[in-house]
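To start, the structure under review is shown below, and the notes come after it.
The values are calculated or read from the model by the stated rules, or taken from the named source; none is laboratory data. Predicted, not measured: the structure shown is a model, and the values here were computed from it. FYI the Cβ positions are ideal-geometry reconstructions off the backbone, even for glycines, and counts take in every protein chain you see. Heavy atoms of the whole protein, side chains included, go into the accessibility calculation; ligands, DNA and RNA do not. Shrake-Rupley method; radii C 1.70, N 1.55, O 1.52, S 1.80 Å.
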Amino acid sequence: MDILIVDGYNIIGASYELQKLKEEDFSKARDQLIDTMAEFQAYKGIRVIVVFDAHLQKGVEKKHNDAGVEVIYTQEKEIADKKIEKLAIELKNVKTQITVATSDFTEQWQIFGQGALRISARELLREIEKMRCEIQDDVKKTNAKKNQTRVTVSDVFPKEVAEKLEQIRRGHLP
């Protein structure tokens, strides 16, 4: 299974909406990113890991699963870049393609050296927008098909029979 490792704060910083939300409520911006990545994970059928620096957190590394997404807060004084590099090495195998989403140029080259693919924060945000458009298109197509395949009594029976059936449906027996 392909794995996408996301530098959480890097993506938040690249997104106008998330950056604005971060200014109002830091944790809501993180939660929104995680929710978006859960949607992306489900749509793409990949494993997503979001890594955050231990911002304002002290102590050991913390991991949890949120909406199906693995979320990691690095240990105190460990930057997300180093944790991402470690993950890329640990998770690398012949059957797994690792992709890292970050706009940190140095990190991109480090990851590339590990054999992982890299995409910038803006590229990931474009992919997310593309996914949302595709989902909307799919919903519209599904709704259009439902409307086209809806068969009414008047489609099947002659007008007189349809009228009598309607009277029976309303409780007016002939």
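Structure summary
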quantity: Probe 1.4 Å - accessible area at residue 37, Å² to nearest ten; calculated: 0
quantity: Where trypsin sites (Lys or Arg not before Pro) in DSSP loops with at most 12 other Cβ within 10 Å are excluded, longest remaining stretch of the chain; calculated: 1-57
quantity: Candidate lysines for bridging to residue 22, where Cα separation is under 20 Å - those fewer than 8 sequence places away on the same chain excluded; calculated: none
quantity: Rounded percent of accessible protein surface that carbon and sulfur make up, the chain, 1.4 Å probe; calculated: 52
quantity: Aspartates and glutamates whose Cα lies under 14 Å from that of residue 77, excluding same-chain neighbours fewer than 8 positions away; calculated: 53, 61
quantity: Cα gyration tensor shape for the range 1-91, rounded if a/c is under 1.5, else prolate or oblate; calculated: oblate
quantity: Counted charge near residue 32, where neighbours are those whose Cβ lies closer than 10 Å (Asp, Glu -1; Lys, Arg +1); calculated: -1
quantity: Extreme residue, positive dipole direction of the chain, given options 144, 59, 103 (C-beta unit charges); calculated: 144
quantity: For the chain, share of DSSP beta bridges that run antiparallel, in % to the nearest 5; calculated: 25
quantity: Under 5 Å, built H, 5+ apart or other chain: amide partners of residue 66; calculated: 71
quantity: Linear extension gain, residue 77 paired with residue 164, 0.36 nm per residue minus alpha-carbon span; calculated: 23.5 nm
quantity: The chain: translational diffusion in µm²/s, Stokes-Einstein, Kirkwood Rh over Cα pairs, 25 °C, 0.890 mPa s; calculated: 129
